[in-house]
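Student: First the structure, which I've put down as structure tokens, then a few questions once you've had a look.
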Amino acid sequence: MKRKFINVAAVMAAASLLAACSGGGADAGGGKEDIELWFWGASPAQRQIFEDSLVKPYNESQDKYRLVATFNEKVDSNIQTALAANKGPDIVYGSGPAFVAPYARSGKLADMTPYAEQYGWEDKILKPIYDSGVVDGKLYAVANSINTIGMFYNKAVLDQLGVGVPSTMAELEDAMAKAEAAGLYPSVTGNKGWQPVNENYSSMFLTHFAGPDAMYKVLTGAAKWTDPVYEQAVQKSAEWYQSGKLGGGQYLNLTFSESMSLLAQEKSPFFFGPTLAFQFAGEYFNDEAGNVDDLGFTAFPNFDESLPAPLYTISTTASFSINENSKNKDEAAKIIDQMIQEDFGISMTEQWPGYWAVPLKDLDLTKGNMTGLSATYSEAVSEIIPAINDGRFGYFAGTFFPPKTKKHLIDIESVWLGQTDVKPFMAETEKLFEEELADGDVPEIPKP
């Protein structure tokens, strides 16, 4: 099946916009060739950490190539435009492996299987994460980090409410009821300015209501999205939204940063969200505020106590591929391998917690000099890794769902807001998924 990424006018625009970005190999001066890597628009401090931990050491390690990292908030759309024009960076950034299959099948990405064999990636990387980058038996993307949806909590607020850290749904709902009675938000989170935040919660409810086995079945076509357990999971998410349990009635008016601020201000005991939100926490939980030790993170409880626990909805913060048009594929693979080493993950986490838990089976971030939030994040990762190795995981939409199905589940707020009923919403989910399954657009689904 042929796939088109963009119309002719857009391709012409891409050619103009990206004339200088020819898939690597441009003379950088001084006899070095540029290796281009595009990344999302990190903060100035984060950019400097990336430069100091990867770019500078690599560039100083040899005299043939120069790694150039470009940071831009529109990296995903820029990548799409560039690849359509057979241009773009040597190292292709993706917000998640779900984007990989169409690009791989259209010849835009290089087969990285030989590099996986060269560097031993399949033996080192967590199997579900490795599999998420596989298309038709070949590797096309390597994730830079694991990510999960769970429960941030403020220890001081829990103490004030006289409750412990919840490990069951009954304990969690009791704690939220006590918070609401005390005039606090039951929880804080929101999608203001970025609707795709919703996929965190569609994924979370499917994991902790339907469970790993049921999700494996539906993602492999052995069950239907219209089956009761999936409809009930979406209905439960709507009940939580409408009762204020998901965002305290302010879901549409809060960002992750604002939610973390409210958590630090002791306005709520909980913030349900991805571990990558640790990177926002440092602005509000720090030594200056005197509350750095108040922030904790744990698994979200299951709605069905018969499910294995703790469960983690696994995803990635990003993935890296190699441009099929790169002139320096071997060197690009070498740089990607450098980013999935434990030492690199430790170095980055010491300075930038929440984004660099490299997806290794035996990753141990606690080996580093971790303090404050870096230590809290490292402890969380040390619990997540064994769970994934044991098969106690669910599937994040942006990592394991095909593109149209993923996009539809981002629109889950139409159910939350009462604009559509659960049954027609799930019927459309099934329709889209069947089409994508038939077209081969569903990523490899690892068995729990």
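The values are calculated or read from the model by the stated rules, or taken from the named source; none is laboratory data. Remember, predicted model here, so these are calculated numbers, not experimental data. Every residue, glycine as well, gets a Cβ built from its backbone with ideal geometry; the counts of neighbours run over all protein chains shown.
Student: Just one of the numbered conditions (1) part of a helix (DSSP H, G or I); (2) not assigned by TED's automatic domain parsing to the domain that holds residue 308 is not true of residue 408; which one?
Tutor: Going through the list (1) part of a helix (DSSP H, G or I); (2) not assigned by TED's automatic domain parsing to the domain that holds residue 308, residue 408 breaks only (2).
Student: Pull out all pairs, ordered by first then second residue, where Cβ-Cβ is under 9 Å, the residues are six or more apart or on different chains, the first lies in region 429-441 and is surrounded by fewer than 15 Cβ atoms within 10 Å (Cβ to Cβ) and modelled with pLDDT under 95, and the second is hydrophobic (A, V, I, L, M, F, W, C) and assigned to a helix (DSSP H, G or I).
Tutor: The qualifying pairs are 440/101.
Student: Suppose we filter region 56-93 for residues that are under 19 Å from residue 328 (Cα atoms) and either among the small types (Gly, Ala, Ser) or modelled with pLDDT under 90 (or both); how many remain? Walk me through it before giving the result.
Tutor: Looking only at region 56-93, we keep the residues that are under 19 Å from residue 328 (Cα atoms), and these are 56-70, 79, 82-83, 85-93.
Going one step further and asking which of them are either among the small types (Gly, Ala, Ser) or modelled with pLDDT under 90 (or both), we end up with 61, 69, 82, 85, 88.
The number of residues fulfilling the criteria is 5.
Student: Counting only residues that are among the acidic types (Asp, Glu) and not assigned by TED's automatic domain parsing to the domain that holds residue 45, which one in region 274-328 is nearest to residue 211 (Cα to Cα)? Steps first, answer last, please.
Tutor: Restricting attention to region 274-328, the residues satisfying the condition of being among the acidic types (Asp, Glu) are 283, 287-288, 293-294, 304-305, 324.
Now narrow it down to the ones that are not assigned by TED's automatic domain parsing to the domain that holds residue 45: 283, 287-288, 293-294, 304-305.
On the way: 283: 34, 287: 39, 288: 41, 293: 32, 294: 30, 304: 8, 305: 10 Å.
Residue satisfying both the conditions and the ranking: 304.
Student: Filtering region 54-111 down to residues that are of a type in the set (Phe, Trp, Tyr) and touching a residue at least 40 places away in the same chain (Cβ under 8 Å), which residue is surrounded by the fewest Cβ atoms within 10 Å (Cβ to Cβ)? First the steps, then the outcome.
Tutor: Our first condition is that a residue be of a type in the set (Phe, Trp, Tyr); within region 54-111, this holds for 58, 65, 71, 93, 99, 103.
Right, trim to touching a residue at least 40 places away in the same chain (Cβ under 8 Å) and you get 58, 65, 93, 99, 103.
Values: 58: 18, 65: 22, 93: 22, 99: 22, 103: 24.
Among residues in region 54-111 that are of a type in the set (Phe, Trp, Tyr) and touching a residue at least 40 places away in the same chain (Cβ under 8 Å), the one surrounded by the fewest Cβ atoms within 10 Å (Cβ to Cβ) is 58.
Student: For residues that are among the aliphatic types (A, V, I, L, M) and within 18 Å of the chain's Cα centre (by Cα), tally how many sit in region 331-351. Full working, then the answer.
Tutor: Going through region 331-351, the residues among the aliphatic types (A, V, I, L, M) turn out to be 332-333, 335-336, 339-340, 346, 348.
Subset that is within 18 Å of the chain's Cα centre (by Cα): 336, 339-340, 348.
The number of residues fulfilling the criteria is 4.
Student: Condition test on residue 368, is it touching a residue at least 60 places away in the same chain (Cβ under 8 Å), of a type outside the set (Phe, Trp, Tyr) and closer than 29 Å to residue 41 by Cα? Break it down into steps so the answer makes sense when it comes.
Tutor: Details: touching a residue at least 60 places away in the same chain (Cβ under 8 Å): no; of a type outside the set (Phe, Trp, Tyr): yes; closer than 29 Å to residue 41 by Cα: yes.
So residue 368 fails the test.
Student: Name the single residue that is nearest to residue 305 (Cα to Cα) among those in region 190-233 being without any contact (Cβ under 8 Å) to a residue 12 or more places away in the chain and not in a loop (DSSP other than H, G, I, E, B).
Tutor: Result: 228.
Student: Given the structure, is residue 294 under 30 Å from residue 375 (Cβ atoms), more than 21 Å from the chain's Cα centre (by Cα) and at pLDDT below 95?
Tutor: Details: under 30 Å from residue 375 (Cβ atoms): yes; more than 21 Å from the chain's Cα centre (by Cα): yes; at pLDDT below 95: no.
It is false that residue 294 is under 30 Å from residue 375 (Cβ atoms), more than 21 Å from the chain's Cα centre (by Cα) and at pLDDT below 95.
Student: Name the single residue, out of those in region 131-148 being touching a helix residue (DSSP H, G or I) at 6+ places or on another chain (Cβ under 6 Å) and among the hydroxyl-bearing types (Ser, Thr, Tyr), that is surrounded by the fewest Cβ atoms within 10 Å (Cβ to Cβ).
Tutor: So the residue we want is 140.
Student: Pick from region 69-90 the residues that are in contact with a helix residue (DSSP H, G or I) (Cβ under 8 Å, 6 or more places away or on another chain) and assigned to a strand (DSSP E or B): which of them is farthest from residue 32 (Cα to Cα)?
Tutor: Ranking the qualifying residues of region 69-90, first place goes to 71.
Student: Applying the selection to region 221-232, what residues are within 10 Å of residue 434 (Cα to Cα) and surrounded by fewer than 19 Cβ atoms within 10 Å (Cβ to Cβ)? Full working, then the answer.
Tutor: Let us first name the residues in region 221-232 that are within 10 Å of residue 434 (Cα to Cα), namely 221, 224-225.
If the condition is that a residue be within 10 Å of residue 434 (Cα to Cα) and surrounded by fewer than 19 Cβ atoms within 10 Å (Cβ to Cβ), then 221, 224 are the ones that fit.
Student: Only residues that are surrounded by fewer than 24 Cβ atoms within 10 Å (Cβ to Cβ) and within 18 Å of residue 390 (Cα to Cα): list them for region 347-364, please.
Tutor: 360, 361, 362, 364, listed by residue number.
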